[in-house]
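Encoded as structure tokens, the structure appears first; notes follow it.
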Amino acid sequence: MRRVVVTGHGAISALGRTAAENRASMREGRCGIGPLEFQDVERLAIQIGGQVGGYRPEDHFGRQELTLYDRFTQFALLAAREAVAESGLVVDEALSERAGVVLGTAGGGLQTQDENYRQVYEEGKNRVHPFVVPRLMNNAAASHVSMTHSLRGPCYTVATACASSNHAMGQALNLIRAGQADVVLTGGSESMLCFGGIKAWEGLRVMSRDGCRPFCATRNGMVQGEGAAVFVFEERERAMARGAPILAEVAGFAMTSDASDIVMPSQEGAERAMRGALRDAGLNPGDVGYINAHGTGTTANDRTECAAVRQVFGAHADRLMISSTKSMHGHLIGGTGAVELIACLMALDEGVIAPTIGWRERDPDCDLDVVPNEARQVRPRAVMTNAFAFGGLNAVLTLRAPD
């Protein structure tokens, strides 16, 4: 089987405008969650989030480009630009047909929808911009990344709620393994921090008003974030031949469906996904030193995930480190797994485990080492990242240090 490595990464989130800034924030345990700033925020019950503060689209894109780019597309393009630059990837005619894009998102162009619904229903306008549909469609970010970098191979978007990015990266892995592509830009992007986006989530009654504290007995819900992370996945022999930087090997992937409840997570489904990802990578439970948890800060998710980890890893669960970086950047929904993969890369190539910040009090149902509040200097041989989505959709990746 063809092996797949990560040769570049880029990111933008509440933790920073680059992958390096995101890593630094995770290393320092910095919280990017704060007061939201957008039109009509005062009408919301939830007024905090992991927003990319001070972001000015015109600093990065021309006026004509911005007629086509929703905020989630802008974030994906910026992250992809950084990832390609770090990778040193040069797309010539031959590679163009062997390179693709697979990105995850849940809301797609929600900012565009929110703005135009406001214009039609609140302001009474009878016309919208002719590019509203190309801006709001979920595949917009993937399509624009492919056009920007001349990637003419497989290109599509995965939308599986909170597991979208992990599913997308798993599909990228499988495309390269199967020989259908040699290089895939993959990850995810999301920007749902607008009046309509937050108002819809308020209805679920799972949002916190004061912060995200995964695995803590005092937790009271999730907090939304926004941003993107994009990675260059590349066939290993090709990457080595061109002397590309190799950040990690993408070792395994598995996905399962609970087929039980639209919102309540299933322990059994999570277990099958984690076991499958270990099996696909040829790893034993004891080989994994760190898990980047789904860890949303809701009681149902946190307790179910911890119970599943205990079942899959057995006695080794007591030696595992497990943290949720959502405590810092918020839950990026369809983009969250991508930003969280940065913590996995940091663990493998820097030997730094990102903490779960905001943790105050032990929950006996979450009795694992959740790396509370401060990063830890440990270099694991292999890591796992979990994503468990509404709809009962589970996607788990395993990575290991390059050999």
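The values are calculated or read from the model by the stated rules, or taken from the named source; none is laboratory data. Given the structure is predicted, the values throughout are model-derived calculations rather than measurements. As a convention, Cβ positions derive from the backbone with ideal geometry for all residues, glycine included, and neighbour counts pool all protein chains shown. Side chains included, ligands, DNA and RNA excluded: accessible areas come from the protein's heavy atoms. Shrake-Rupley method; radii C 1.70, N 1.55, O 1.52, S 1.80 Å.
List the residues, sorted by chain then number, that are 5 or more residues from residue 248 or on another chain and whose placed amide H is less than 5 Å from its amide H.
Under 5 Å from the amide H of residue 248 lie the amide H atoms of 6, each far enough along the sequence or on another chain.
Can you give the helix-only mean residue ellipticity at 222 nm for the chain, where every DSSP H stretch with n ≥ 4 adds -39500 (n - 2.57) and the sum goes over all residues, rounded to the nearest 500 deg cm²/dmol? It would help to have the intermediate numbers written out before the result.
On the way: 14 runs with 135 residues, N = 403.
It lands at -9500 deg cm²/dmol.
Per-residue HN-Hα couplings for the stretch 210-227, Karplus 6.51 cos²θ - 1.76 cosθ + 1.60 at θ = phi - 60°, whole Hz, x for Gly and Pro?
10, x, 9, 10, x, 6, 8, 4, 9, 4, 9, x, 8, 10, 7, x, 8, x
How large is the Kirkwood hydrodynamic radius of the stretch 1-152, counting all unique pairs of alpha carbons, in Å?
Kirkwood radius, the stretch 1-152: 17.6 Å.
Residue 215's amide H: which non-local residues (gap 5+, or another chain) put their own amide H closer than 5 Å, with H modeled 1.01 Å from N in plane and none for Pro or chain starts?
Hits under the 5 Å cutoff: 297.
I'd like the carbon and sulfur percentage of the solvent accessible area for the chain, probe radius 1.4 Å, heavy atoms only, ligands and nucleic acids excluded.
Numbers: 7570 of 15070 Å².
Roughly 50 percent, rounded to a whole number.
Against the globular-protein guess of 2.2 N^0.38 Å, express the Cα radius of gyration of the stretch 212-325 as a ratio, rounded to two decimals. Write out the running numbers ahead of the final one.
On the way: Rg = 16.5 Å, N = 114, 2.2 N^0.38 = 13.3 Å.
Compactness ratio reported: 1.24.
Using a 1.4 angstrom probe, figure out how much accessible area the stretch 324-402 has per residue, in square angstrom, rounded to the nearest whole.
Working: 2210 Å² over 79 residues.
It amounts to 28 Å² per residue over the stretch 324-402.
With only Lys, Arg, Asp and Glu charged, each at its Cβ (+1 for the first two, -1 for the last two), find how big the charge dipole of the chain is about the Cα centre; round to the nearest 20 debye. Don't skip to the end; give the middle numbers.
Numbers: 39 positive and 46 negative charges, 43 e Å.
My answer is approximately 200 debye.
Distance from the Cα centre of the stretch 285-312 to that of the stretch 85-122, in angstrom?
Rounded to whole Å, the Cα centres lie 31 Å apart.
Mind computing the radius of gyration and Dmax over the alpha-carbon atoms of the chain? Å is fine for both.
When restricted to the Cα atoms of the chain, Rg and Dmax are 19.7, 64 Å.
Considering the options 241, 351, 264, tell which one lies farthest towards the positive end of the dipole of the chain, charges being +1 on Lys and Arg and -1 on Asp and Glu at the Cβ, about the Cα centre.
Going by the charge dipole, the pick is 241.
Would you kindly work out the equivalent ellipsoid of the stretch 88-245 from its C-alpha gyration tensor and give its semi-axes, the square roots of five times the eigenvalues, largest first in whole Å?
On the way: eigenvalues 233, 107, 23 Å².
Here the semi-axes work out to 34, 23, 11 Å.
Express the accessible area of the stretch 90-177 per residue in Å², computed with a 1.4 Å probe while the remaining protein chains stay in the model. Walk me through the numbers on the way to the answer.
Details: 3970 Å² over 88 residues.
Roughly 45 Å² per residue, with all protein chains present.
When N is the residue count of the stretch 274-403, what does its C-alpha Rg come to as a fraction of 2.2 N^0.38 Å? All intermediate terms of the calculation are to be shown ahead of the outcome.
On the way: Rg = 13.4 Å, N = 130, 2.2 N^0.38 = 14.0 Å.
Here the answer is 0.96, to two decimals.
Taking H placed 1.01 Å from N in the peptide plane, check which residues at least 5 places from residue 158 or on another chain put their amide H under 5 Å from its amide H.
Hits under the 5 Å cutoff: 103, 104, 105.
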